[in-house]
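Asker: Below is a structure I'd like to ask you about.
Since every read-out is calculated from the coordinates, none of them should be taken as a lab result. None of the values given here were measured: they were computed from a predicted structure. For neighbour counting, all protein chains shown are included, and Cβ atoms are generated from backbone atoms with ideal geometry for every residue, glycine included.
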Ligand code: AMP
């Protein structure tokens, strides 16, 4: 899949759509999810144009990779959920139910989140 520069997170990065910033570094931006699925729900995205985790793992520099992983843990610290525990989710592609085609990690917490997945059928 080629990168769609019109996707909503690209527009957030360029500033044409507003977002609530939590953190940022030179290569990573962290902001609040508009439709939170837990008391705390942050999104951590690379500033570079990567469609998903597979694309990012193949093409990103070591600095971008390290910054994004650290950004996930830092989001939990900044939002105050790190000590009690939290969950990181990365949805990829159709079966992964990825809706926005720019890599993002969900950082969820603030209470017990229950089992990881509901089993099919
Ligand atoms: P995914 O299904 O993994 O692609 O997740 C996309 C996430 O982006 C969802 O949790 C949405 O609530 C979130 N989202 C969509 N538009 C915005 C926006 N403008 N600002 C913040 N979060 C958004």
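Asker: Hey, could you check the range 100-121 for residues that are in contact (Cβ under 8 Å) with a residue 12 or more places away in the chain, more than 13 Å from the ligand (Cβ to nearest atom) and in a loop (DSSP other than H, G, I, E, B) and say which is surrounded by the fewest Cβ atoms within 10 Å (Cβ to Cβ)?
Answerer: 116
Asker: Can you pull out every residue in the range 24-56 that is crowded, with 20+ Cβ neighbours inside 10 Å and assigned to a loop (DSSP other than H, G, I, E, B)?
Answerer: Residues satisfying the conditions are 50, 51, 52.
Asker: Being within 15 Å of the ligand (Cβ to nearest atom) and either touching a helix residue (DSSP H, G or I) at 6+ places or on another chain (Cβ under 9 Å) or within 20 Å of residue 21 (Cα to Cα) (or both) is the requirement here; does residue 97 meet it?
Answerer: no
Asker: Would you point out which residue out of 12, 8, 45 is out of contact with any strand residue (DSSP E or B) (no Cβ under 8 Å at 6 or more places or on another chain) and within 13 Å of the ligand (Cβ to nearest atom)?
Answerer: Values: 12 fails: out of contact with any strand residue (DSSP E or B) (no Cβ under 8 Å at 6 or more places or on another chain); 45 fails: out of contact with any strand residue (DSSP E or B) (no Cβ under 8 Å at 6 or more places or on another chain).
Of 12, 8, 45, the one residue that is out of contact with any strand residue (DSSP E or B) (no Cβ under 8 Å at 6 or more places or on another chain) and within 13 Å of the ligand (Cβ to nearest atom) is 8.
Asker: Moving on. Out of 32, 38, I need the residue that is farther than 23 Å from residue 11 by Cβ and within 15 Å of the ligand (Cβ to nearest atom). Which one? Break it down into steps so the answer makes sense when it comes.
Answerer: Numbers: 32 fails: farther than 23 Å from residue 11 by Cβ.
That would be 38, the only listed residue that is farther than 23 Å from residue 11 by Cβ and within 15 Å of the ligand (Cβ to nearest atom).
Asker: How many residues does the range 71-94 hold that are in contact with a strand residue (DSSP E or B) (Cβ under 9 Å, 6 or more places away or on another chain), assigned to a loop (DSSP other than H, G, I, E, B) and more than 16 Å from the ligand (Cβ to nearest atom)?
Answerer: Number of matching residues: 5.
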